[in-house]
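**Q** Before I ask anything, let me first share the structure, which is written out below as structure tokens.
The values are calculated or read from the model by the stated rules, or taken from the named source; none is laboratory data. A quick note: this is a predicted structure, and the numbers were derived from the prediction, not measured. Cβ placement follows ideal geometry from the backbone for every residue including glycine, while neighbour counts extend to all protein chains displayed. Calculation scope for accessible area: heavy atoms of the full protein, side chains included, ligands and nucleic acids excluded. Shrake-Rupley method; radii C 1.70, N 1.55, O 1.52, S 1.80 Å.
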Amino acid sequence: MSSTRGSDNSDAEAGEALLEKHSPSSPRFSSSSESPRQLLCPSCSYKQFHEKRSHIFKTRGFWLAYLNIVLFLTSVILLINITGRHSFYSGAREALKATSSYSPIFDAVNLTPKLTTVDGRLHVPANASIFRAEPSSETDAAWDDIAAEAYEVILVDESTLERAGFNPERYFKAPASWGHGEGQFPVQIDVFHQIHCLNALRKQMHYQHYFGDEFPNGPDKMHWMHQRHCLHMVLQSLMCNANVDIVPHRWVENDAVPFAQFGIQRKCRNFEGLREWNKENAVKNVRDLWPRNKDVMPKDAFVWPGFGESS
């Protein structure tokens, strides 16, 4: 009997220990955020967590913080993009400056070169460029446009002219009557004069169409002087720039010998951007404004000897 009683007491003590172990007041629960209900029902714990998270998402503060983060990241991405583009443009501009004489145009127009495939086809295709077309009003208008005819003159100030290597005291200054203020000097962007010269040589190819009526007995001395001047100007420009892109050769169906592939890729300056800028900044009606004789020449104007051949 005593042994049975001892056994009962032992079982009771063990039971009390077990109850104490799982009691809410025991150290296990006092040191943990989990309740007995959570231990017995894991899905209840997840549900409470989900409800708390949903409540956070519904609060105004959360969405304001979220929006601020999105705006911040967007601003960072845009800043990196703009900075990268500016750095690339600045680097390209400095490279162009390093291989050219001084010109204010580098700071006024984005001339960053880009890869361009030139049309080097020998036989005139159906979709040929208008610049290869026969004489017509459309062809002439296209050439006049890229040669900046009638809007070839822009103005620069004295410091710009001097920085480019010219003595302002020896060059024609735009009269105040032009309406552009004092200290402005008419200049041309060289490429447009080169295209003007190339156009003159194009017209010489169609002499009868362009000059037949003007010179029924043949060209005069000035006509040939202009043509030779233009030929030499284009030649000097090509030699000065000395394009060193390579041109490969290939076998073609319609020729017996290897034929050059002149249609290659080149890195070309932004000519279209330059043409548009020049047109926007050109002196309007410059041909009407240009002096016809020395009657309007200032008394203190510097007069170059001859035709100004010396520099």
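**Q** Checking Gly165 against (1) at pLDDT 95 or above; (2) part of a helix (DSSP H, G or I), which single condition isn't satisfied?
**A** (2)
Table: residues versus (1) touching a Cys at 6+ places or on another chain (Cβ under 6 Å); (2) open to solvent by less than 100 Å² (accessible area, probe 1.4 Å); (3) among the aliphatic types (A, V, I, L, M).
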residue: Phe215; (1), (2), (3): no, yes, no
residue: Val234; (1), (2), (3): yes, yes, yes
residue: Met239; (1), (2), (3): no, no, yes
residue: Asp245; (1), (2), (3): no, yes, no
residue: Asn254; (1), (2), (3): no, no, no
residue: Phe262; (1), (2), (3): no, no, no
residue: Cys268; (1), (2), (3): no, yes, no
residue: Trp277; (1), (2), (3): no, yes, no
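**Q** Tell me which residues, restricted to the range 290-305, are in a helix (DSSP H, G or I) and more than 13 Å from Phe172 (Cα to Cα). If you could, list the steps in order and put the result at the bottom.
**A** We begin by selecting, within the range 290-305, every residue in a helix (DSSP H, G or I); these are 294-296.
Scanning the range 290-305 gives a single hit, Asp295.
**Q** Scan the range 192-200 and tell me whether some residue there is surrounded by fewer than 15 Cβ atoms within 10 Å (Cβ to Cβ) and not hydroxyl-bearing (Ser, Thr, Tyr). I'd like the intermediate steps shown before the answer.
**A** At the first step, the residues of the range 192-200 found to be surrounded by fewer than 15 Cβ atoms within 10 Å (Cβ to Cβ) are none.
Among the residues of the range 192-200, not one is surrounded by fewer than 15 Cβ atoms within 10 Å (Cβ to Cβ) and not hydroxyl-bearing (Ser, Thr, Tyr), which makes the answer no.
**Q** Can you name the residue in the range 124-139 that is in contact with a Phe, Trp or Tyr (Cβ under 9 Å, 6 or more places away or on another chain) and either in a helix (DSSP H, G or I) or open to solvent by 80 Å² or more (accessible area, probe 1.4 Å) (or both) and is also farthest from His206 (Cα to Cα) among such residues?
**A** Taking the range 124-139 as the starting set, the residues that turn out to be in contact with a Phe, Trp or Tyr (Cβ under 9 Å, 6 or more places away or on another chain) are 130-131, 135, 139.
Okay, now just the ones that are also either in a helix (DSSP H, G or I) or open to solvent by 80 Å² or more (accessible area, probe 1.4 Å) (or both), so 130-131, 139.
Numbers: Ile130: 15, Phe131: 14, Thr139: 13 Å.
By that ranking, first place goes to Ile130.
**Q** For the range 274-289, which positions are free of Cβ contacts under 8 Å to residues at least 24 places away in the same chain and assigned to a helix (DSSP H, G or I)? Even if it seems obvious, please write down each step before you answer.
**A** Applying the first criterion (free of Cβ contacts under 8 Å to residues at least 24 places away in the same chain) to the range 274-289 yields 276, 280, 285, 288.
Matches in the range 274-289: Glu276, Glu280, Asp288.
**Q** Name the residues in the range 279-304 that are open to solvent by less than 100 Å² (accessible area, probe 1.4 Å) and more than 30 Å from Ser103 (Cβ to Cβ), would you?
**A** Asn293
**Q** Do we find that His209 is in contact (Cβ under 8 Å) with a residue 60 or more places away in the chain, surrounded by 11 or more Cβ atoms within 10 Å (Cβ to Cβ) and over 25 Å from Asn281 (Cα atoms) in this structure? Break it down stepwise before answering.
**A** Working: in contact (Cβ under 8 Å) with a residue 60 or more places away in the chain: yes; surrounded by 11 or more Cβ atoms within 10 Å (Cβ to Cβ): yes; over 25 Å from Asn281 (Cα atoms): yes.
Yes.
**Q** Pick out the one residue from Phe172, Phe131 that is over 24 Å from Arg292 (Cβ atoms) and either of a type outside the set (Ser, Thr, Tyr) or modelled with pLDDT under 95 (or both). Before the answer, list the steps.
**A** On the way: Phe172 fails: over 24 Å from Arg292 (Cβ atoms).
Exactly one of Phe172, Phe131 is over 24 Å from Arg292 (Cβ atoms) and either of a type outside the set (Ser, Thr, Tyr) or modelled with pLDDT under 95 (or both), namely Phe131.
Yes/no per residue for (1) acidic (Asp, Glu); (2) surrounded by fewer than 14 Cβ atoms within 10 Å (Cβ to Cβ); (3) touching a Gly at 6+ places or on another chain (Cβ under 7 Å):
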{"residue": "Glu149", "(1), (2), (3)": "yes, no, no"}
{"residue": "Leu155", "(1), (2), (3)": "no, no, no"}
{"residue": "Leu161", "(1), (2), (3)": "no, no, no"}
{"residue": "Phe172", "(1), (2), (3)": "no, no, no"}
{"residue": "Gly179", "(1), (2), (3)": "no, yes, no"}
{"residue": "Val187", "(1), (2), (3)": "no, no, no"}
{"residue": "Asp190", "(1), (2), (3)": "yes, yes, no"}
